[in-house]
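Asks: The structure that follows is given in the form of structure tokens.
The values are calculated or read from the model by the stated rules, or taken from the named source; none is laboratory data. Computed from a prediction, not measured in an experiment: that's the story for all the values here. In this analysis, Cβ positions are derived from the backbone assuming ideal geometry, glycine residues included, and neighbour counts consider all displayed protein chains. Accessible surface is based on the protein model in full, side chains and every heavy atom, while ligands, DNA and RNA are left aside. Shrake-Rupley method; radii C 1.70, N 1.55, O 1.52, S 1.80 Å.
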Amino acid sequence: APSMKALGNCALAVGFTMAAASGTFFGLSQSSWSATACEIGGSFCDRPSLLLVPILATLAWGFMLKRQE
């Protein structure tokens, strides 16, 4: 069974990947590709700060798991 620290590392990797993907999405929504990005992203174009909610939750979970041992 994987340790809590290894699971925390995986959660942090997912969180940072989500942060990079949302940064890319936000950058695309501000550029000439905004029609395509907003077609895919929907309401996130109106409120891009909503992308922070799952990212911060995942990162907090990862840091919490890493502190378990």
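Asks: Please find, within region 5-35, the residue that is modelled with the highest pLDDT out of those that are of a type in the set (Ser, Thr, Tyr) and either open to solvent by 80 Å² or more (accessible area, probe 1.4 Å) or in contact with a Cys (Cβ under 9 Å, 6 or more places away or on another chain) (or both).
Replies: Result: THR17.
Asks: Still on this model: If the Cβ limit is 6 Å and pairs must be 6+ apart or interchain, which residue in region 1-17 that is within 9 Å of LEU65 (Cα to Cα) pairs with which residue that is among the charged types (D, E, K, R) and open to solvent by 80 Å² or more (accessible area, probe 1.4 Å)?
Replies: Correct list of pairs: MET4/GLU69; LYS5/GLU69.
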